[in-house]
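Data block below; observations after.
The values are calculated or read from the model by the stated rules, or taken from the named source; none is laboratory data. If you're wondering where the values come from, they're calculated on a predicted model, not measured in any experiment. Note that we place each Cβ from the backbone using ideal geometry, even for glycine, and neighbour counts take in every protein chain shown. When the accessible area is computed, the model is the full protein with side chains, heavy atoms only, and any ligands, DNA or RNA have been set aside. Shrake-Rupley method; radii C 1.70, N 1.55, O 1.52, S 1.80 Å.
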Amino acid sequence: MSIIRRRRWVIWCSILAVFALIGAACLVWFRHGSDPVANARSAYKAGDWARAAQLARERLMVNRDDLDAIRQLARANARLGRDDAAVALYQNRLGTDRMEAEDRLLLGLMIERQGDRSLALSVWQKAAVEHPDSPELLEAVTRLSSQMQRPEVSAEAAGRLRGFPGWESRGQILLGLARSAMDDDAGAAEALGRGLSLDKAAENPPMSNHRLRNVFAKSLLRLGRPAEALDAIGARDKSANPDASDPESAWIASRADLALGKNPDLVAGRPKLVAAYRKAHPLMPEPGPYLGSARCTECHGEISGSYGKSRHARTFHRGDELLDLPRPQAAVADPDRANATHLIERDEQRLRVTTREDDKVYRLLVDFAFGTPERYLTMVGRDDRGAYRALRLSHYRDAQGSGWSRTSGDTGDDPHSADIRGQEIHTRDGVVRCLGCHVTNPRDFRFDGAEQTAVATDRAIGCERCHGPGSSHVAAVKIGSVDSAIVNAGRTSARAVNEQCRECHVVGDTSQIALTPTDPLWVRSAGLTLTFSRCFIQSTGRLDCLTCHDPHQDSPTTAEAYEPKCLSCHTASADAKDRVVCKVSPAKGCIGCHMPKVPVAAIHGELTDHFIRTHRDGPAPQ
């Protein structure tokens, strides 16, 4: 073959090879489009996750190591609920270092489906920092933290979410709901108002437009803006109930009418709906401004006077009250750190704490104190950073006398830590969480010289802590409404009573308490452990905290005061043959056997075990 012919043959072969490659490419193109992985991405974005998975798998049959195809298959599997397959692809094929924002979002979703919400939230929070341009991650953080009752985390994420184009309304609404959960009515009203104005339909989760407007209206009512509240639920100037199918809207509208001086009883059908709502939600606080306990005293003088002498009304101290509290005359040696001392002294109208350890000096100004001097007292102050700290030492009084010891719950044992000043206290949006069980409304307290509200004049736990804001009640009484417009758990059910007491009388995680109910550690959680008792369960709703305790006065301290309550059910009688009567001591000794005192070393005292049961090794009846 001549050289020319050979060259022509090579050229024709090359041309045919090129056409063959083009034909193969065209075949692939006609079958899957120009790029199978791109088509998988398109299918994924369109929500066709099964198609996305199929395309990704077909691509991996050609190129097993195509990272984009692996990513699309992992994502599609996660969306389809095939968690094991998705996790295997992420861990073994893609690697966590190659994860993008969407991958970390899906990882959190899979962890959440496994029931570990804390880990899922942690994954999303970290991812939101690494991928600050992902609104989906911020929305996930907002949603889950809200469900976990961590509204401060939800508020922070929602505040960032509202800055993304297309997410403004949703971010504002979620921020408003978080603010509402923190009892920040001004912040809730502002954010919800903006969110609803940006998206008047607002039908996205976590709740409907109708429910959102109810939350918005309640915030406005608590701020003393009833006319705007009526506008929020679309009830302004309507003679009928704004939504005949919704008792909550009727309740809100009735409270707005009361604030405007109108009688809601005159609106046809409304009283029945309001009564239905209150029956279904006996502990829901009235949506109105707080008035302070002094206003309650005007009509309820006798019970208010009795309550004012109780420990409930004396477990919080601030201002000049702090100067009368016990304090050591000289520096007290730290019980666990050899070179540390603590001195509490008066500095004009404040108490100053000086802690010294070797050559270091720390100072705190006391803002308030929890507890009572005759039992246990813990002071709280702010350090040089403005952080709240419970003092490392607390004052106690027991049968042997009084003194100062490590504060209950203090964990500052690191010798290199500045926690020698005392354990830092968590705050929620600047409000110390401990205040929730020691004052009427924590958000109304100011320690920075700002003007005090009416409820902030309550010495400690005021009337409205349990009965809710009283403004609607005062208005209802004034016009003679049949609805008293006030929370009164004692007139509802045993369940409602116990739920209300449980808000403060449980110390610890409820799920953990339920797992180990007999652990002496939980003696401080009487509001929950009582419900484990056979007495409570078989009482069919008759046994509650009020059976033995009057919250308006201190409880008796002798067993004899309570035994008649036990014997009212556990005494044999002809008309109650099914009653259980104690075989050991049927007439006395109930408390000592079945509700013994349990020493609590941390507070230098002892508390009654409210998990009523037979203690096999318990004390003999007296």
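Here are some notes:
- Axis angle, to the nearest 10 degrees, between helix 49-62 and the longest C-alpha principal axis of the chain: 50 degrees.
- Of all aspartates and glutamates in the structure, those lying under 18 Å Cα to Cα from residue 272, and not within fewer than 8 positions of it along the same chain, are 243, 246, 248, 257, 286, 483.
- Residues of type aspartates and glutamates that residue 45 reaches as a straight line, Cα spacing below 16 Å, ignoring anything fewer than 8 places off in the same chain: 35, 68, 100, 102, 103, 136
- Summary of the geometry: segment 272-289 and segment 374-435, compared by the centres of their Cα atoms, lie 38 Å apart.
- Low-density loop cleavage sites - trypsin sites (Lys or Arg not before Pro) in segment 494-598, where at most 12 other Cβ are within 10 Å (DSSP): 542, 577, 579, 583
- Each helix, a run of at least 4 DSSP H residues, gives -39500 (n - 2.57); summed and divided by the residues of the chain, these come to -12500 deg cm²/dmol at 222 nm.
- Using alpha-carbon coordinates, inclination of helix 209-222 to the longest axis of the chain, degrees: 40 degrees
- Stretch gain in nm, segment residue 117-residue 263, where the contour uses 0.36 nm per residue and the Cα spacing is subtracted: 47.9 nm
- Solvent accessible area, Å² - residue 549, 1.4 Å probe, full protein context: 60 Å²
- Principal-axis tilt of helix 270-280 within the chain, Cα atoms, nearest 10 degrees: 90 degrees
- Among the protein heavy atoms, those of residue 404 account for about 60 Å² of accessible surface (1.4 Å probe, every chain in place).
- Entry comment: accessible area of segment 300-378 is 53 Å² per residue, from protein heavy atoms only and a probe of 1.4 Å.
- The ratio of the alpha-carbon radius of gyration of segment 506-622 to the globular-protein estimate 2.2 N^0.38 Å is 1.09.
- Note on exposure: 532, 445 ranked by accessible area (1.4 Å probe, complete protein assembly) read 532, 445, with the most exposed listed first.
- Nearest-10 value in Å² for the accessible area of residue 444, using the 1.4 Å probe: 30 Å²
- Remark on the chain: ratio of C-alpha radius of gyration to 2.2 N^0.38 Å is 1.29.
- Annotation for segment 424-514: GluC sites (Glu not before Pro) lying in DSSP loop with at most 10 further Cβ atoms inside 10 Å of their Cβ are 451.
- Surface share of carbon and sulfur [accessible, 1.4 angstrom probe, percent] for segment 487-622: 57 percent
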